[in-house]
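Since the structure comes first, as structure tokens, the remarks are kept for the end.
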Amino acid sequence: MAAQKSTRKFKAEVAELLDLIINSLYSNKEIFLRELISNASDAIDKLKYKAQTDPQLAGEGGEYRIELKPDPKARTLTISDNGVGMTYDEVAENIGTIAKSGTAAFSEALKNAKEGHAPELIGQFGVGFYSAFMVADKITLVTRAAGHGAAVKWESGGDGSYSIEEAQKDSRGTEITLHLRPIGDEDQDFADEWTLREVVKRHSDFVSYPVTMEVERQEPVLDETQKPVEGEFKKVVKTDVLNSMKAIWARPRSEVSDAEYVEFYKHVAHEWSDPLSWLHMKLEGTTEFDALIYIPKQKPLDFMRPHHRHGVQLYCRRVFIMDECKELLPPYLRFLRGVVDSADLKLNVSREILQEDRTVTAMKKALVRKVLDHLSEMEGEKYLEFYGQFGAVLKEGVHIDPPNREKLSKLLRYRTTLSKGEYVTLDQYVEGMKEGQENIYFITGDSAETLAASPHLEALSKKGIEVLLMTDPIDEFVVDSLTEYSGKKLRSAEKGEIGPEAGDEAQNSGEFEALLSSIGEILKEKVSKVAPSKRLTDSASCLCAGEFQMSALMFKLAKAAGQAANPPKRVLEVNLSHPLLASMRQIHKKDPSSPRLAELSGLLYDLALLGEGGKAENPAEFARKIGELAAKSLGEPSN
Ligand code: ADP
């Protein structure tokens, strides 16, 4: 039983984070209140969701509310809610560590954080609670989980350790008392009623539960005729609601200011930075819903982790149903945040029902359409900013969402051999196609620079044929699904036969036939065939996969994933007009079994590997060979 008071040390990264919060976040201290109110509102959301299946949970505790209680004399501010609360273990789990984040990822990010970027970093890690240490030098949290009798008290001075013990609390929910730091004349006073009113209005106006505060007022005393008695006042205590609770998504667009949209985003997405863009839609017709969807500016650091927050909040006629509703958006739009409010769902809808619900399917379809339209209407620069962050995720859609493939393919951007580092659309590529060009050429790999210089592209480049440089692993799946665009076939420049665009001067291989078959024999463990190349103009050799074989990148990926061991045997293409081949032919003519041939064949193979950005099979031996060859070609030193 974990009843005794125990004092524990924060995990190292929390201690670092606290330090950072206290020392570097001066500019905008008031947002701590938004964070605590958002947490309280989430806690009520959670309780409501749980109570759908277990109504007893909500039985106690009265109306949902979030209460602020400033005490100017004691210099404290208390924020309490009657939400779901936390158990002992939950407190230890949620408040002693950094929630929802890979701790390793956090430490890493902290190390790399540029000066002044701490706030965004903090936001990305969802460490809102700790921001209260900006204004408090001690925080006491007392909480009781819904359905539990025992409460827990957590306390910390933000100095590296915290204590946790069992406690008493009459009602369900969480109460957080901030012992405010001493303030100077210029500082905001968070024990002051008017400061709090202002801050709540600014950052938390739309929170859907009342944020209340008890206030004392002097009111005139009234006589029997309800007229004020001159000079006589009495003290009245009343409860004020500080926020309008207006559901921002349900209001007409023209009435919502950009500042309000931005504030709401920070609340619903738990973000500290502004969104990149948003779309506010009202759908009428067969499916009726309001939605307010945001595109974040940056992907969170833990974005690629499987447990990353995904999905939007689902409401039904302004009533909260669930958070992280994945059923409304396909996985390739998992970076979106926001709210969807439907008039057609039942309040007690469960995740299981959602998966099969026809209304939900229709809503999802409409949402995807609107989002893709929005993306396609975004201006160039801004779209590229988006694409840099989420392009790779969006590309998954080309693979998994055939009905939207065409729309998605218009959102693709690639650098090309001719674009000088700029990103172009497939339409732009098609417009720039040479006369008689039948195929859209691409090549996949790790780096655009290496790809652009790849020997596979020599002949195409000589003819001025543009090649798309694809550097996202997911591009392998894009080209696997998107086999055509605008009536033109997408064709890998490193696979199969090269198209007629490369030129059709077939190199006369007659005199080389014997040599090629000898090389083929020597390299038979490594290559499927040795063939004269139409791709090469300058380099001696390159390796080409068959049309239906894995590309070099695909093999690398499969190997990294433990799904492939040996590279598939590829065709070694050789450039018959290269002097190396001419020399080899001479050696072969004199002595078809010369050991030099074996050595040079190995060299041709290694050169092909290096040309595509790979490694020689045996780098040390390769280096030695090249050294020898260089020395030979330079001849004896004259002196
Ligand atoms: P975030 O809210 O971004 O997850 P926080 O550090 O603000 O990060 O909170 C950590 C976790 O602590 C929350 O996810 C929630 O589980 C829990 N928590 C915080 N405040 C409350 C509260 N008022 N009621 C219940 N649980 C809370």
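Scanning the range 148-177 for residues that are within 16 Å of the ligand (Cβ to nearest atom), open to solvent by 70 Å² or more (accessible area, probe 1.4 Å) and part of a loop (DSSP other than H, G, I, E, B) gives a single hit, H148. Working carefully through the options L394, L412, find the one that is in contact with a Gly (Cβ under 9 Å, 6 or more places away or on another chain) and at pLDDT 95 or above. Sole residue among the options that is in contact with a Gly (Cβ under 9 Å, 6 or more places away or on another chain) and at pLDDT 95 or above: L412. Where strands (runs of 3 or more DSSP E) sit wholly within the range 517-610, those with at least 1 residues that are open to solvent by 70 Å² or more (accessible area, probe 1.4 Å) occupy 527-532. Would it be correct to say that L180 is more than 16 Å from the ligand (Cβ to nearest atom), hydrophobic (A, V, I, L, M, F, W, C), open to solvent by less than 20 Å² (accessible area, probe 1.4 Å) and within 38 Å of the chain's Cα centre (by Cα)? So L180 passes the test. T103 meets all of the listed conditions (1) modelled with pLDDT under 75; (2) open to solvent by less than 30 Å² (accessible area, probe 1.4 Å); (3) in contact with a Lys or Arg (Cβ under 8 Å, 6 or more places away or on another chain); (4) more than 10 Å from the ligand (Cβ to nearest atom) but one, namely (2). Within the range 593-639, the residues that satisfy the criterion of being over 20 Å from L572 (Cβ atoms), modelled with pLDDT of 90 or more and aliphatic (A, V, I, L, M) are A620, A623.
Tallying residues that are in contact with an Asp or Glu (Cβ under 9 Å, 6 or more places away or on another chain) and open to solvent by 50 Å² or more (accessible area, probe 1.4 Å) within the range 405-426 yields 4. Is there a residue in the range 249-258 that is in contact with a Pro (Cβ under 8 Å, 6 or more places away or on another chain), more than 16 Å from the ligand (Cβ to nearest atom), modelled with pLDDT of 90 or more and of a type outside the set (G, A, S)? Checked against the condition, which is being in contact with a Pro (Cβ under 8 Å, 6 or more places away or on another chain), more than 16 Å from the ligand (Cβ to nearest atom), modelled with pLDDT of 90 or more and of a type outside the set (G, A, S), the range 249-258 yields no hits at all.
Within the range 466-474, can one find any residue that is part of a helix (DSSP H, G or I) and open to solvent by 20 Å² or more (accessible area, probe 1.4 Å)? No, the range 466-474 contains no residue that is part of a helix (DSSP H, G or I) and open to solvent by 20 Å² or more (accessible area, probe 1.4 Å). If you go through the range 427-440 and pick out every residue that is among the charged types (D, E, K, R) and either crowded, with 18+ Cβ neighbours inside 10 Å or in a helix (DSSP H, G or I) (or both), you end up with 2. When the range 336-374 is filtered for residues that are of a type outside the set (D, E, K, R), free of Cβ contacts under 8 Å to residues at least 40 places away in the same chain and under 22 Å from P275 (Cα atoms), the ones remaining, listed by number, are V368, L372. Would you mention how many residues in the range 28-56 are under 21 Å from L141 (Cβ atoms) and buried (at least 17 other Cβ atoms within 10 Å of the Cβ)? Here the count works out to 19.
The values are calculated or read from the model by the stated rules, or taken from the named source; none is laboratory data. Owing to the predicted nature of the structure, the values given are computational and were not obtained by experimental measurement. Glycine also receives a Cβ, built like all others from the backbone with ideal geometry; neighbour counts cover every protein chain displayed. Surface accessibility is based on the protein's heavy atoms, side chains included, excluding ligands, DNA and RNA. Shrake-Rupley method; radii C 1.70, N 1.55, O 1.52, S 1.80 Å.
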